[in-house]
Amino acid sequence: MNTSQIQAAWKSPSNIALVKYWGKKGFQLPANPSISFTLDKATTETKVLAQKTQGGGVSLELYFDGERNKAFEDKMLGFLRRAETGFEWLKEHHLIIQSSNTFPHSSGIASSASSFSALALCLCSIDQQLGLLSDKDFFEKASYWSRVGSGSACRSVYGGFNLWGQTDALIGTSDEYAVNIDDIVHPVFKNFKDTILIIEKGKKAVSSTTGHALLETHPFAEHRYRAGFKNTATLLEILESGDLDAFVQLVEAEALMLHALMMTSPTPFILMKPNTLAVIEKIQDFRNQTGLHLLFTLDAGANVHLLNPENEDNRVQEFIKSELVGYCQNALYLCNTVGKGPEKINT
Ligand code: PMV
């Protein structure tokens, strides 16, 4: 092997949280556990070429969609300097990083979860080529370093359903990395759908970093963290039993609590738009009329994630086309299913 130059490439997905991570303790550790599933189509492809230098610390060039991106480069450099403690070889390498998203450009959504997990996986692959990382520890280390980049990214290194954060409700859990929980998940959830309605494209008005920080002085923070722990334990039971009605209730309540926290923080902000609320009302009416298990969840933004079991998807897709597409910017929505997780790309 030519050790003066080593490369690795990964395609890694985004994920959608069912129980939300909102609020940190210490550095990049979650104030409560969270549970998500990995998406299949919303992915980032990242290729890292590491060139040996004389030392002096890590340096990089970052290209996004083929163009050098200085803003992203600064953010990545901060992360890579931290990562030097876990990947000692970084101190004597120059990295050329090339990244692109499979999210359609027009959707205006980017995901720090897919980009940081793709990067962490590349670093772990290089570590492995250098003989510094075993197969057994590979994904745990990738999850650990994804978290350091962006908390929710640690849940993207595996397919299916994943839990991040130490909880007595499940052995083997940790604040430092996520664990896969597919072996407890009922078949009804295995091919769940997530249709992302693009209500508003573009940059979020408030970054998640700012949002997490607001919890430090939030009057309801302690209550929220207790609810996050409780909902994690309850969702584990629901995922095991396959109780769809309980799933609908818990996941929607989590999404609304996330936005309620934003609206009641010391510096309040509202990320939902009128169309977000209009869609939520439509979903609840549809459910009442049909008895189907269509539900919504929200991220830190105005877009709505519609979730439903696979066997109800024909009816749901008809409903989206006839009733909901009009609320989407440029009639845009993205269809995802529970994904199989990151894929290594041959270089
Ligand atoms: O990973 P961050 O720091 O961007 O935080 C993500 C927070 C939410 O997406 C709102 C919730 C979650 O658990 O993914």
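Considering only Leu306, Leu332, Leu18, the mean-square fluctuation computed in a Gaussian network model of the chain, springs between alpha carbons under 10 angstrom, is largest for Leu332. Dipole check for the chain: with +1 at the C-beta of Lys and Arg, -1 at the C-beta of Asp and Glu, and the Cα centre as origin, the magnitude is about 820 Debye. Specify the residue with the greatest mean-square fluctuation among Ala300, Ala110, Ala260, computed from a Gaussian network of the chain linking alpha-carbon atoms under 10 Å apart. Among Ala300, Ala110, Ala260, the largest GNM mean-square fluctuation belongs to Ala260.
Glu216 contributes about 150 Å² of solvent-accessible surface, heavy atoms of the protein only, 1.4 Å probe. Solvent exposure of the chain, expressed per residue, is 44 Å² of accessible area, with all protein chains present and a 1.4 angstrom probe. Computed over region 1-84, the convex hull of the alpha-carbon atoms projects to a mean area of 8.1 nm². Measuring nothing but protein heavy atoms, the accessible surface of the chain at 1.4 Å probe radius is 49 percent carbon and sulfur.
Placing a label point 7 Å from the Cα of Thr290 along the Cα-to-Cβ direction, the residues of region 312-347 with a backbone N closer than 13 Å are 312-325. Distant-in-sequence amide contacts of Ile199, defined by a placed amide H-H separation under 5 Å and a gap of 5 or more residues or a different chain, comprise Asn303, Val304, Gln329.
For region 188-337, the share of alpha carbon pairs falling in successive 5 Å distance bins from zero is 2, 9, 18, 20, 19, 16, 11, 5, 1, 0 percent. Taking the alpha carbon gyration tensor of the chain, multiplying each eigenvalue by 5 and rooting it gives semi-axes of 34, 21, 20 Å, largest first. Distances between placed amide hydrogens fall under 5 Å for Lys24 paired with Ala31, all partners being 5 or more residues away or on another chain. Helices in the chain that qualify as membrane-span-like (whole DSSP H runs, Cα extent of at least 20 Å along the helix axis, mean Kyte-Doolittle hydropathy of 0.0 or higher) are 112-129, 244-263.
Geometric descriptor of region 5-185, per residue, is 119 Å³ (volume of the convex hull of the Cα atoms). Can you figure out the FRET efficiency of Gln249 with Glu222, using R₀ = 25 Å and their beta-carbon distance, to the nearest 0.05? Taking R0 as 25 Å, the efficiency between Gln249 and Glu222 is 0.60. By the Stokes-Einstein formula, at 1.567 mPa s and 4 °C, region 1-48 with its Kirkwood radius over alpha-carbon pairs has D equal to 95 µm²/s.
The values are calculated or read from the model by the stated rules, or taken from the named source; none is laboratory data. The model shown is predicted, which means the values in this text are computed figures rather than measured ones. Glycine also receives a Cβ, built like all others from the backbone with ideal geometry; neighbour counts cover every protein chain displayed. Just the protein is used for accessible areas: all its heavy atoms, side chains included, with ligands, DNA and RNA removed. Shrake-Rupley method; radii C 1.70, N 1.55, O 1.52, S 1.80 Å.
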